[in-house]
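What follows draws every value from the coordinates through simple rules; no lab data is involved. None of these values were measured; they are calculated from a predicted model. Here Cβ is always computed from backbone atoms with ideal geometry, including for glycine, and neighbour counts include all displayed protein chains.
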Amino acid sequence: MNFVFNPVTQQMETAPLNEKMACLSGIAKKEHWLIEAHELEVFEKHELGRGGFGRVVVGRLHGLPVAVKMSKSVKALRGINSLVNELRIFRRLRHPNIVMFHGARIDIAAGELMIVEEAVPGVTLAELITPPPSPIRTKARRLLLLRICKALRFLHLQTPSIMHGDLKPGNILVPQTMQPKLTDFGLARPVSASLAYENGILLNCLRV
């Protein structure tokens, strides 16, 4: 899969919030990942967790359960170039071990952004291994690691390669099926092959 992006102009980085939101909404609509208000139902009191972007709450998209990331403040929209890049990368990734991105709900007037993702009922890998760890058999552990590696291999084989940039147990969701899902692509970015590899090994794919 080839990733070709038309970068947002540098002037837009310093533009007023409503102009940033309008720019983001225009890109989302053109690329068919804009979610309209009537399509999404959000249950703000049913919180699933919190992260750097903001709160994650329960939602329903066309009647189906989803996870909704709600931006905690306008600060989340300061780097519109990186945000647009993240969403463009995320929307093209389709793999059984990567959380699926459904789209974004953008409210220009309110300055609100909601990122809508696949709902993955379960726990994070961090919770799974926190003492006392869950009694997972050796075979199941190996299968779990293998599936995580398959997701990373899929990212690294894109053109250009995609580095997750924030790989850690807290960003890996594990449902009861033990089919792990990589999530939180806030630091993901495409990198050129010349920069990404050294002696056949992908560099800088793990941050702690």
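Numbers below:
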read-out	value
Distant-in-sequence amide H partners of L167 (H built 1.01 Å from N, under 5 Å)	R207
Full-extension gain in nm, R94 to E112, via 0.36 nm per residue minus C-alpha separation	3.8 nm
Likely footprinting exposure, M70, M163, fewest C-beta neighbours within 10 Å first	M70, M163
Full-stretch length increase - N18, R141 - with 0.36 nm per residue and alpha-carbon distance subtracted	39.6 nm
